[in-house]
Amino acid sequence: MILKKFNYTDLNHLELTGQMVDKLNQIYELKGRLSTIQIKSKKILDHLTSVAKVQSTDASNRIEGVYTSNTRLKELVHQRTQPHNQSEAEIAGYRDVLSLVHEQAQYIPITKSSILTLHKRLFAYTNSTRGGHFKDSDNQIITEFANGDREIRFQPPAAYLTPQLIEELCQAYNQAVNDATFPSLILCGAFIFDFVTIHPFRDGNGRLSRLLMLLTMYQAKFNVGKYISLEHLIEQTKHNYYEALKQSSVDWHVNQNDYGPFLDYFLGVVLQAYRNLNERINIVEEKPISAADLILKALQQELRPLSRQEIGALVPQYSDITIKRTLVTLQRSNQIKLISQGRASKYILQNS
């Protein structure tokens, strides 16, 4: 029997493609450019952080079928209320771990013990006794499609192997970071992929993997996830996310899988986050533009219906109250129209 080994010295003879190198170069360029303007843009960055927390908590849970109303979501994220049901309890747990990662990333080592502690906190508000405990029975990684179809994507290793595999994964990752065997973002992506593929818990694997993604990126000095929700970008490209996981998991058990497909996807998400942050900061740096003009510009550029929350994220220099009032004004002047109602309500240009 071939035992899974994590060889982070060469990641199964991984060769970075030209496309991957190009994405890395663009990320480094944007990261360097943004680092010079963060101090004078503090007010905007604080607003983006607040928006990203809500989006990240919402998107990462919604990927797993856990959600609540927009009003309740904001109240939970800003700790203005207590969870009313199982879904809200899981959302509150994600909120707390997300805040912990944002605020204390440098003090959280990548170890088996840390992973168990973070998982325990993830389920702290629920009645579940599984929080902080590895799976006690074998499980499967199942992809659920929008039409309700389900597909078994991968058979993770047996439950009894989980503690050892997580221990060895953390050791291999930490050693590779110390030795700089690959660019740090490549190592972050590989670690997250292997964690998901081990699927160490009965529940919460996907959500914890995205929190670990933020944690490892923070420690590697890539903090874009503080201002732009990476979880939201993953939710928007969920099909590509699952497909990349599927392609990279082929022959994983026998140490011959290709990390390339998932790493290429991961770098694409990080690059998009930096592009989004750069664009929003540039808007602020330029001559002030009215909220109405910015909302119309956002709807024109996105070429799809946008919720009030999505518009707020794209127009960070204006408050939620200003956005809400401006949307009403634009509706009354017949420049935009509202489609659907309630949680699904979104806005489009009137001539769309």
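Would you confirm, using the coordinates I've provided, whether Y218 is aromatic (F, W, Y), at pLDDT below 95 and part of a helix (DSSP H, G or I)? Write out each step before concluding.
Details: aromatic (F, W, Y): yes; at pLDDT below 95: no; part of a helix (DSSP H, G or I): yes.
No; evaluated as a whole, the condition is false for this residue.
Are any residues in the range 219-263 over 19 Å from I63 (Cβ atoms) and of a type in the set (A, V, I, L, M), and if so, which ones? Of everything in the range 219-263, those that are over 19 Å from I63 (Cβ atoms) and of a type in the set (A, V, I, L, M) turn out to be A220, V224, V250, V254, L263. Taken together, L165, L169, L122 contain a single residue that is more than 27 Å from V250 (Cα to Cα), in contact (Cβ under 8 Å) with a residue 60 or more places away in the chain and either surrounded by 18 or more Cβ atoms within 10 Å (Cβ to Cβ) or in contact with a helix residue (DSSP H, G or I) (Cβ under 9 Å, 6 or more places away or on another chain) (or both), which is L122. Could you say which residue among Y241, Y274 is under 27 Å from G132 (Cα atoms) and either assigned by TED's automatic domain parsing to the domain that holds I141 or outside any helix (DSSP H, G or I) (or both)? The match here is Y241. For beta carbons closer than 7 Å, sequence separation of 6+ or different chains, a first residue in the range 194-219 that is more than 20 Å from K5 (Cβ to Cβ) and a second that is polar (S, T, N, Q), the qualifying pairs are R202/N139; R207/S60; R207/N61; R210/S60; Q219/Q106.
So is Y274 modelled with pLDDT of 85 or more and touching a Lys or Arg at 6+ places or on another chain (Cβ under 7 Å) or not?
On the way: modelled with pLDDT of 85 or more: yes; touching a Lys or Arg at 6+ places or on another chain (Cβ under 7 Å): yes.
Yes.
When every residue of the range 225-245 is checked against the conditions, at least one turns out to be surrounded by 18 or more Cβ atoms within 10 Å (Cβ to Cβ), of a type in the set (K, R) and at pLDDT 90 or above. Residue pairs whose Cβ atoms lie under 8 Å apart, separated by 6 or more positions or on different chains, with the first residue in the range 93-107 and in contact (Cβ under 8 Å) with a residue 60 or more places away in the chain and surrounded by 23 or more Cβ atoms within 10 Å (Cβ to Cβ) and the second assigned to a helix (DSSP H, G or I) and among the β-branched types (V, I, T), are Y94/T57; L98/T57.
Taking residues in the range 127-155 that are more than 20 Å from S87 (Cβ to Cβ), and partners anywhere that are among the acidic types (D, E), the pairs with Cβ atoms closer than 7 Å and at least 6 places apart or on different chains are T143/E151; R150/E144. With respect to the conditions (1) within 24 Å of Y173 (Cα to Cα); (2) of a type in the set (D, E, K, R); (3) over 13 Å from the mean Cα position of the chain (by Cα), R275 falls short on a single one, namely (1).
Determine whether the range 56-79 contains at least one residue that is more than 23 Å from Y242 (Cβ to Cβ), within 16 Å of the chain's Cα centre (by Cα), part of a helix (DSSP H, G or I) and modelled with pLDDT under 90. Taking every residue of the range 56-79 in turn, none turns out to be more than 23 Å from Y242 (Cβ to Cβ), within 16 Å of the chain's Cα centre (by Cα), part of a helix (DSSP H, G or I) and modelled with pLDDT under 90.
The values are calculated or read from the model by the stated rules, or taken from the named source; none is laboratory data. Just so it is clear, the structure is predicted and the values come from calculations on it, not from any experiment. Note that we place each Cβ from the backbone using ideal geometry, even for glycine, and neighbour counts take in every protein chain shown.
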